[in-house]
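Okay, structure first, notes after.
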Amino acid sequence: MEKKEERYLNITLQNDNNDDKEIVVSFLGIWKKLKKYFIIWLVAAIVVALLTVTSSAIFSSDQHKSMTSLVSFTFDGIEEGLDPAGNKFDVNSLKNPSVIETALTELGYSLEELEIIRQGISIEGIIPKNAIDRITTYKSIYESNTTGSALNAAQAMLDVTYYPTQYKVKFNYAATTLGSSQAVEVLNKILESYRDYFFETYGYNKALGSAVSAVDYTTYDYAEAIDVFSTTLKTLENYVSHLAEEDTTRYRSSETGYTFADLSEAIKSIQSMDLDRISSYITVNNITKDKESLIDYYQYRIDAITREKTIASENLATISKSIEAYQKDTIMIFGNGNDNTNTQETQASKQYDILIDKKIKAQNDVSTTTQNINFYNQRIKALKENPVGSDAKKERVETDFNVLYEKVSNLINIVNQTADEYYTTVAFANAYNVLVPASVSSVTHSIQNVIEDSVKPLLVLEVLVFVLYICVVLVTAVAEQFKINNASVVPVSATAKEDKKEN
């Protein structure tokens, strides 16, 4: 029976010093070495992987000491980059030191790390993809413009300027002494405290309360105190009227039970019943702390109001001339073409209506100043011709002022409470929202971060280990064959073996 022929696939290494000497290494020998060192390579690969992941977890741990929250703003003007007051909106007010201080104080944390915490907070606007595409398109038009219409292209770019309404608030707490759960608590409290800061900044009511109650009426003469209360009530009335104009829902406070119309009527009631009654009593009885000083005060008021009247009169004359010279818009009405029925009519435009409104206001200003001048002249005449009121009458006026002060102070508090609730539940109900609060990263998420950071270095090191493994296999296989052949291997091919058999 003919013996089955065996064929071997070999690797032949040429000796550069002697072309006649070659080293032949079979793949079978290499395969044996691969199996021999496979366990060593596998163990080395596992060890390298563990060391790489561990090192990445240790050295990159600070990079993952961060968390992100998502907030949004919804109010008139935010799409144009403006705040509720019409000024440029600064989103960095989210990390205002006073906001952070409030949050840390409420949580009972030390304020020593306030600045470190503030620096660790970064805010990034979120721009939708469609807005980015439009801005990019116009930028390409601008950069590729060669026809001299760069100005138009630039204007087109301005037209698609986008102001974010949603922002990512990222807090990196690596530089602080806070743990992950503490950092989450601090960031969420800061975002919560900003809501109060936002309302206080753009609600105006607290500033109003401070302004109208800051003056001590007891330091003035009785007639001057009347003016102080009158100014306070007028300021309060204007504020409530402004809120009433903004309110389209006829809002009624659940805390106070008042609407802005109710508050306006309450203010008018105090003005007409309490303040006017005290004022008339003072006027009729010539009640004053210092007669001569009061006369000087009235004279000062006359001079000031006279200047106001002069300005109002000049303004009225100018507006009246503008109205007389104003040309109304002409409207042509055409007939049906069969008869001569074409007519013309004039129609007042919006600008004309504005002029009329200004004229009415100017006329009211002139009338009011005239009445005030006459009133003060009468008071001066009465003080000069009649004796001042008795001490008993002064005591009565002071008692009435105390009652009036309590009523006005209570009314201010009610207005502030109503305005607070209105801004919180209606006007600014959705002005600022925390869409996604910060949260502690899960163990799975932390492991995922570590693995993602170690992928690239792990791949590089594993490739190096594998290359080293192959090199060791080849070198040991060659060394073994070289030893067997005493450093001189005669090339033996499959064909040579067959020739030997035939001979």
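For the stretch 351-370, the criterion of being among the hydrophobic types (A, V, I, L, M, F, W, C) and either closer than 30 Å to residue 251 by Cβ or modelled with pLDDT of 90 or more (or both) is satisfied by at least one residue. Annotation: of all residues in the stretch 289-311 being among the acidic types (Asp, Glu) and assigned to a helix (DSSP H, G or I), the one that is surrounded by the fewest Cβ atoms within 10 Å (Cβ to Cβ) is 292. Under the condition of being more than 30 Å from residue 324 (Cα to Cα), touching a residue at least 24 places away in the same chain (Cβ under 8 Å) and among the aromatic types (Phe, Trp, Tyr), the residues counted in the stretch 345-402 number 2. Across the stretch 269-322, the number of residues qualifying as closer than 15 Å to residue 225 by Cα and hydroxyl-bearing (Ser, Thr, Tyr) comes to 8.
One line per residue, one yes/no per condition, for (1) of a type outside the set (Asp, Glu); (2) assigned by TED's automatic domain parsing to the domain that holds residue 357; (3) within 24 Å of residue 372 (Cβ to Cβ); (4) at pLDDT 90 or above:
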site: 213; (1), (2), (3), (4): yes, no, no, no
site: 227; (1), (2), (3), (4): no, yes, yes, no
site: 257; (1), (2), (3), (4): yes, yes, no, yes
site: 262; (1), (2), (3), (4): no, yes, no, yes
site: 271; (1), (2), (3), (4): yes, yes, yes, yes
site: 292; (1), (2), (3), (4): no, yes, yes, no
site: 298; (1), (2), (3), (4): yes, yes, yes, no
site: 317; (1), (2), (3), (4): yes, yes, yes, no
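The helices (runs of 4 or more DSSP H) found wholly in the stretch 27-139 and carrying at least 3 residues that are at pLDDT below 90 and over 30 Å from residue 426 (Cα atoms) occupy 27-59.
The values are calculated or read from the model by the stated rules, or taken from the named source; none is laboratory data. Note that the structure is predicted; figures quoted are calculated from it, not measured. Cβ: placed from backbone, ideal geometry, glycine included. Neighbour counts: every protein chain shown.
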